[in-house]
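The values are calculated or read from the model by the stated rules, or taken from the named source; none is laboratory data. Here the structure is a predicted model, which means the values were calculated and not measured. No Cβ is skipped: glycine too gets one built from the backbone with ideal geometry, and neighbour counts run over all protein chains shown. Ligands, DNA and RNA are excluded from the accessible area calculation, which covers all protein heavy atoms including side chains. Shrake-Rupley method; radii C 1.70, N 1.55, O 1.52, S 1.80 Å.
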Amino acid sequence: MRSIFAIGLGVLVTALALEAFLQCMPVVSGLRMEQSSEQRPYARYLPQQDYVYSHGWALANARHGRTNRQGFTNSPDFKDGAAVLVIGDSFIESLMLEYPETLQGRLSQALGGGVYAASASGNGFADALEVFRHTRAQLHPRTVVMFVEPMDMQDILAPAQRGHSMFVSEGNDIRMVHVPYVESKAKRLVAYSALARYIYYNLKFPDWLMSQLRRSPPAAAQAPAASAPDARRAAALEYYMTQLRALGGVGDTRFIFLVDADRNMLYAPQKAVPNWKAGDRAFFIQTALRHGHQVVDMQPVFARHWAQQRERMDFLPMDGHWNPVAHDLAAQQILPLLPSASPALPAPLRQVAGH
C-alpha cells in the first residue's frame, strides 16, 4: 500500500514540476473560439486575444500573436474600402508566421495597406462563402483572394466540425448547413494547464492515438489516373461557384483563386503519396475559369522554384503549411493581377521574381 502511495505521490510531484516548468515555456496557448450560430455562421476566435504558437516537443518556431477586433489572426482590424481580402484556412491563418511573412502581409506592404485576411483552421468552401457573406459589408473589397488546397475538393461534402459549415447534397439539390460552436466549460478549465496543452497541441497525442487506431497499410507511391470528381462533388462545386458569383455582384468584386500545388509530388515523385486526389485540381481550375474567375496555379511556380533552388515551400516533414518562401512566391503571382498594384515590389519579392 505504501509503495502505491509513493508511486502516486511521485507522479503527482513530477506532474506539478512539469506544469511549473511548462508555464514558463512557449507552449501552444490554443485559441479560444467565438461562439457561432445561424446568425453568424463562420469560425472565428475571440477578438483581441493574445496567443502563443510553437511546434513539436521542442517548442520550435515559437511565435506570439494577437487576433484582430474581428477575431482573425495575421490581419489588421477591418476597415471599409479594402483593396484585397484573403480568405482561407490555416494556411492563411499562418500561426507559424509573422504578419510580414504572410501572403496578406506581403501584399499589404506592396500596396501600402488595405489588405485583410479572414481565415480559420478547418475552413472549406462552404465556410469561405459564409465568411465573405458576413464580411463584405464591413470591407467592400475590390478583390478577394480565395485560397484552395487539396482537402477543399476532397472533403467538399464531408460533415463539418463544430463552428464550420458544410454542403449537403439531397437529390439534385445542394444546401448549406452550419454546425454551431459553443465552448465547453471543461475545455476552458483544462486549457489553463500548460502540461495539458503541451500534450494536446505540441505532442498532438490525440492525433497520434487516432492514427494508431486507424492504422492501415501505406498507400502505393504512384499518381493515379486523372478523372473528374463524382457527380455529387461536382454539383457542390457548381453550387459554390454560383453562390460566390451572386454574392460578389456583377463586376463589384473580383475573385482570384490561389490554388496550392501538389508539393509531395515535387519533392519525391517516386515515393510520395499525392496531396491532391486524382483529377481534383484540374477540375477545380477548369470550373473556376469557366465561371469567369482568375486562377493562380502554384504548381508550375513551385515546380520551377524547386528545380532551380531546391528550397522547400513548407515545413515538411513536420508541418505541411506554407513557409515564407511559398507566401512570397504566391504574392509575386497575385500582385500583377491587382488593379492598384504598384510596379515596385518589396525587396524579397524582387529576389524571388528573379529566380
Could you tell me which of rounded, prolate or oblate describes region 1-51, using a ≥ b ≥ c as the square roots of the eigenvalues of the alpha-carbon gyration tensor, with rounded for a/c under 1.5 and, failing that, prolate when a/b is larger than b/c and oblate otherwise?
oblate
With bins 10 Å wide starting at 0, give me the P(r) of region 1-101 over every alpha carbon pair, in whole percents.
13, 33, 25, 15, 9, 4, 1, 0
Zone reached by a paramagnetic label modelled 7 Å from THR242 Cα along Cα→Cβ, restricted to region 274-295 with backbone N below 16 Å, covers 287-288, 290-292
Quick one: 3J(HN,Hα) in Hz for region 318-331, Karplus 6.51/-1.76/1.60 with θ = phi - 60°, rounded, Gly and Pro as x.
7, 8, x, 5, 4, 9, x, 4, 5, 5, 4, 5, 5, 4
Restricting to Cα atoms and excluding each atom paired with itself, what does the Kirkwood estimate give for the chain in Å?
21.9 Å
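Expressed as a fraction of 2.2 N^0.38 Å, the rule-of-thumb size for a compact globular protein of N residues, what is the C-alpha radius of gyration of region 104-215?
Ratio of Cα Rg to 2.2 N^0.38 Å: 1.37.
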Report, in whole Å, the centroid distance computed from the Cα atoms of region 225-292 and region 98-172.
14 Å
Using a ≥ b ≥ c from the Cα gyration tensor of region 231-274 (square roots of the eigenvalues), is it rounded, prolate or oblate, where a/c under 1.5 gives rounded and otherwise the larger of a/b and b/c decides, a/b for prolate?
oblate
What order do LEU139, LEU59, LEU18 take when sorted by accessible area (1.4 Å probe), most exposed first?
LEU18, LEU59, LEU139
Please list, by residue number, every one of the chymotrypsin sites (Phe, Trp or Tyr not before Pro) in region 18-58 that is coil in DSSP and has at most 11 other beta-carbon atoms within 10 Å.
TRP57
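Express as a percent, rounded to the nearest 5, the fraction of DSSP beta bridges in the chain (both residues included) that run antiparallel.
Restricted to the chain, the bridges split so that about 40 percent are antiparallel.
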Where region 1-86 is the region considered: accessible area per residue in Å², 1.4 Å probe:
57 Å²
Result for region 120-201: accessible area per residue, probe 1.4 angstrom, in square angstrom, of 48 Å²
Carbon plus sulfur, as percent of the 1.4 Å-probe accessible area of the chain, comes to 58 percent
Would you please classify the overall shape of region 55-159 from the alpha carbon gyration tensor, given that a ≥ b ≥ c denote the square roots of the eigenvalues, rounded means a/c under 1.5, and beyond that prolate means a/b larger than b/c while oblate covers the rest?
oblate
